[in-house]
Amino acid sequence: MDPEIIPINHLIELQFPIVDSFSLSAGGDFVVWEDLRNGNKDIFGFNLKTRQELAICTDPGDQINPDTDGNLVVWAQDTGSEGMNLFGHDLKTRKTFRICDQPDKRFKPKVSGQYVIWLEGGWPVVTIGGKDLQTGHELIIGQPDHCQEDPDISGSIVVWTDTRDGVQDIYGYELEADHQFAICTDQGDQSCPAIDGRTVVWYDQGRQSLWTKLIEADTSSIRGRILTDELIYGKKGKPSVRKPSDPEVKP
């Protein structure tokens, strides 16, 4: 049976386009994006099961960088004098909440279950922060002496592009074990990692190909040992891994 193509944003035909393809995020039965129909960047979503569109945030100013795990939606929002801050929306209760109490330059949030991560700071040093929505504790993931980019999260594992050695490598962090480990430090640059469960994919810029590794389940004792290392797609592109809906978490 051929896969069904579901039109998500009918406003494309009316020349109100999605901002760009990188603003799209999908989790579970839900897709979210930046939307320009009101003259600024708002956050809209679409339920693939019910085929209903939802206006998630249409506040004044711009809302950008949406992400969803199918239960929660997170995004960065221009709050005016406070600068950029992060907000979340519970798709079940339809309640919106502030993720960070203190405003700062935070952007590109990612959510998985009880954890939200984000980038913070500015060039030349951008680091990764995070928060446990169940406990309310903020997490220090990145290091302030070099730049981290392209963060992604699945469960309690965070992956990112790291520049500590003067090139782009792929590193990971197990939040529950409080342990950081190298995923790929091969010669040349590796970037744009994505993770689903224990499977990590990334783009190797030198070889212009996509690669994958499977992380050992017990990272607390194995220290992030790599089980597989194989070429999966020999063509340039930004990788992605399908994310199933994560367990419901109430902030």
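List of remarks:
- As a calculated quantity, the FRET efficiency between ARG198 and ASP165 at R0 = 30 Å, using C-beta atoms, amounts to about 0.75.
- Which of SER209, SER154, SER112, SER23 has the fewest Cβ neighbours within 10 Å, and the rest in rising order: SER209, SER23, SER154, SER112
- ILE153, ILE141 arranged by Cβ crowding within 10 Å, fewest neighbours leading: ILE141, ILE153
- In this label model, ARG98 and THR79 are separated by 0.4 nm, measuring between points 7 Å along each Cα→Cβ vector.
- Simple label model, 7 Å out from Cα along Cβ direction - ASP59 to LEU24, nm: 2.7
- For THR212, THR185, THR50, THR68, order by how many other beta-carbon atoms lie within 10 Å, fewest first: THR50, THR185, THR212, THR68
- Cα-based shape type of region 11-111, given that a ≥ b ≥ c are square roots of the gyration tensor eigenvalues and the cut on a/c is 1.5: oblate
Every read-out reported here was derived from the displayed coordinates using simple, explicitly stated rules and does not represent laboratory data. In this text, all values refer to a predicted model and were calculated from it rather than measured experimentally. Heads up, the Cβs are rebuilt from the backbone with ideal geometry, glycines too, and the neighbour counts pull from every protein chain shown.
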